[in-house]
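Working notes, beginning with the structure itself.
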Amino acid sequence: MRCKQCGEGARDETLRYCENCGAKMPPPPPPGAIRRTTTGVGALTTTGRTRSTAAARAVVPTADEAEDTDPGLHTPGRPKAPPYDGPVWLAHVPGHSPSVAGVGLLGVGLVLSILPFFAGVGPFWSLVVVLGGWLVTARELRDAGERHPLVDWVPDSLLRPVVPALFVGVVAALALRMLGIGVTPLLWLGGAALLGYDQYRKVYVGQNGWSRLFEPRVLLRGLGPVALGGVALCLLSLFLTWVPMVTARSSGPVPEAPPELRVVDAPTPSEDFVYGLIEESYDKGWDQSFSVAMELLLLGVLGLMALRPEVPRPDWLRFAPIGVVVLGLVWMLVHGGLLLGPVLFLVGLAATGFASVYGAFAREA
């Protein structure tokens, strides 16, 4: 303890006045308190006992030592990331983004489709999903402020809001095509659900979202339900049989055998139940060429009908749904037969065409 006036150290801390100048001494520290001397080489006083400065530093670290040993402090010059307080299942996902988690599920589904026991969407649409998922992941990481060498070099012109919007539409169409019982349908449904939920909040809603361009409630008024039901019927028909299964039967004498030996009508391998579980069938509407493209065109018709009236558009765009209906009719005649699937597709196409023609010419009038 030192005097505030002359700086003389007191030998007896119980004295109330300085022995050198007579000024009033500061009050002694409470029992048990630790006090460091100002010079750094004096004694440390605790309850009347003295210890060396080295011992004091072992008890109370200096400010510099505390900064070096405190794990909670960050390196100077590097921004400290805020603690994550979101859902637990997103804690280890890059960017803590549900969209990235959805892309991961789609990636697992694509990898499993390489094996012969799992269904897939084909090489072309697999490539589309890989490229689209890569761009969506780059956009999510950039929005979250995270860096990765695989996505840092992507230009901003490829990360506009239209990219995740179109990607979600394609993934939803492919998830509908993959509906069934199995592991890959669950992965596609889960990935599409996560992407749709996350991008709906980020891309669709808001002042600058796509909700300013579309009004889905229009499809529930006027002839909107007719078009909506027609497209739904067309998509439902794709799950049914489109191509008749041809089974070869033969009856008659066996070549190079006695005439008494004849062949009876025996079930072919495609009619055998056990063989049918292994054999891959290509008779449904989804198995026909350009079926997913036809699905996207039909969904695009609903999107055009849901455009807000005040949104500017070219004059010829009102005839685009009619063109899609004509393409659908040609596609059905090429790939379909006189079966339940093509017939239902034709009925749904007629309903969609009626609503499209009425909407095109009623707007012109």
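Within the set of other residues whose C-beta is less than 15 Å from the C-beta of Pro164, count the net charge using Lys and Arg as +1 and Asp and Glu as -1.
Numbers: positive: Arg139, Arg142, Arg160, Arg201, Lys202; negative: Glu140, Asp143, Asp156, Asp198.
Net local charge, Pro164 excluded: +1.
Is there a quick way to get the dipole size of the stretch 97-205? I mean about its Cα centre, with the Cβ of Lys and Arg at +1 and of Asp and Glu at -1; what is the value in debye to the nearest 20? Mind dumping the intermediate values first?
Details: 7 positive and 6 negative charges, 35 e Å.
Dipole about the Cα centre, nearest 20: 160 debye.
Among residues other than Gly303 whose Cβ falls under 15 Å from its Cβ, what is the net charge (Lys/Arg +1, Asp/Glu -1)? Walk me through the intermediate numbers first.
Details: positive: Arg212, Arg217, Arg308, Arg313, Arg318; negative: Glu215, Glu295.
It works out to a net charge of +3.
Taking all protein chains together and a probe of 1.4 Å, list Glu215, Glu295 from the most accessible to the least accessible.
On the way: Glu215 35, Glu295 0 Å².
If we order Glu215, Glu295 from most to least accessible, we get Glu215, Glu295.
Rounded to a whole number of µm²/s, how large is the Stokes-Einstein D of the stretch 125-232 at 10 °C and 1.306 mPa s, given Rh as the Kirkwood radius over C-alpha pairs?
Using the Kirkwood radius from Cα pairs, D works out to 101 µm²/s.
If you roll a 1.4 angstrom probe over the protein chains with everything in place, what fraction of the accessible area of the stretch 116-251 belongs to carbon and sulfur, to the nearest %? Spell out each step's value before the answer.
Details: 5380 of 7830 Å².
Carbon-and-sulfur percentage of accessible area, whole number: 69.
Cα-Cα pairs above 15 Å in the stretch 108-161: how many percent? Walk me through the numbers on the way to the answer.
Values: 770 of 1431 pairs.
Within the stretch 108-161, distances greater than 15 Å cover 54 percent of Cα pairs.
How much net charge surrounds Phe345 when only other residues with a Cβ under 13 Å from its Cβ are counted (Lys, Arg +1; Asp, Glu -1)? Before the final figure, lay out the partial values.
Values: positive: Lys284; negative: Glu295.
My count for the surroundings of Phe345 gives 0.
Which value, in Å² and to the nearest 10, is the accessible area of Asp143 when all protein chains are kept and the probe is 1.4 Å?
Accessible area of Asp143: about 110 Å².
Lys284's amide H: which non-local residues (gap 5+, or another chain) put their own amide H closer than 5 Å, with H modeled 1.01 Å from N in plane and none for Pro or chain starts?
It is Trp242, by chain and number.
Output the Cα-based Rg and Dmax of the stretch 285-365 in Å, rounding Rg to one decimal and Dmax to a whole number.
Values for the stretch 285-365 (Cα only, Rg and Dmax): 13.8, 43 Å.
The values are calculated or read from the model by the stated rules, or taken from the named source; none is laboratory data. What you see is a predicted model, and the numbers here were worked out from it, not measured in a lab. Counting neighbours? That spans all protein chains shown, and the Cβs are built from the backbone with ideal geometry, glycine included. The protein model used for the area step is the full one, side chains on, heavy atoms only, and it has no ligands, DNA or RNA in it. Shrake-Rupley method; radii C 1.70, N 1.55, O 1.52, S 1.80 Å.
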